[in-house]
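The values are calculated or read from the model by the stated rules, or taken from the named source; none is laboratory data. The model shown is predicted, which means the values in this text are computed figures rather than measured ones. Here the Cβ positions follow ideal geometry from the backbone for every residue, glycine too, while neighbour counts run over all protein chains shown. The area values use the complete protein model at the heavy-atom level, side chains included, leaving out ligands, DNA and RNA. Shrake-Rupley method; radii C 1.70, N 1.55, O 1.52, S 1.80 Å.
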Amino acid sequence: MKNRERFMDYLAAYARKDLDAIDGLFADDVRLRDWKLFVQGRHAALAETAKNFESARSIEIDVLSTHESQRSVAGELRIRIDGEIELFVVDVVEFDDSGRISAIRAYLGRPSE
């Protein structure tokens, strides 16, 4: 499986709010960083992900573009939360040798208009 496919699997699981699927994708020492927080370790990253899921009734993710390198994928995303909040985000996801997510760095942008 290519890293882009793994990236898309992660986004699909996130949009479904499927914490079990995400647990299977994370490496034990995964690092998660965004514009508000940094956590390290699978349990801490899953706890933060669970908080996001609990605070949203629905999550829709549109992938606007991707770039793949040997160990990572960057994706420009439009994320809609509860059909009301719209975020433009770039996620940079790194993978370890076993294909598990070892790091996610998320950068908040803004709409073009």
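Assorted remarks:
- For the chain, built as a Gaussian network whose Cα springs stay under 10 Å, the top-fluctuating residue of 38, 95, 26: 38
- Residues of type lysines that residue 36 reaches as a straight line, Cα spacing below 24 Å, ignoring anything fewer than 8 places off in the same chain: 17, 51
- The modelled label-to-label distance for the pair residue 81/residue 60, using points 7 Å beyond Cα in the direction of Cβ, is 1.6 nm.
- Largest-first ellipsoid semi-axes for region 38-80, taking √(5λ) over the Cα gyration tensor eigenvalues, angstrom: 23, 18, 6
- Placing unit charges on the Cβ atoms of the charged side chains and taking the dipole of region 1-53 about its Cα centre, the candidate lying farthest along the positive direction among 25, 45, 8 is 8.
- Carbon-plus-sulfur accessible fraction, region 16-62 (probe radius 1.4 Å, protein heavy atoms only): 47%.
- Both radii come from the Cα set of region 20-113: Rg as radius of gyration, Rh as Kirkwood radius; their ratio Rg/Rh reads 0.96.
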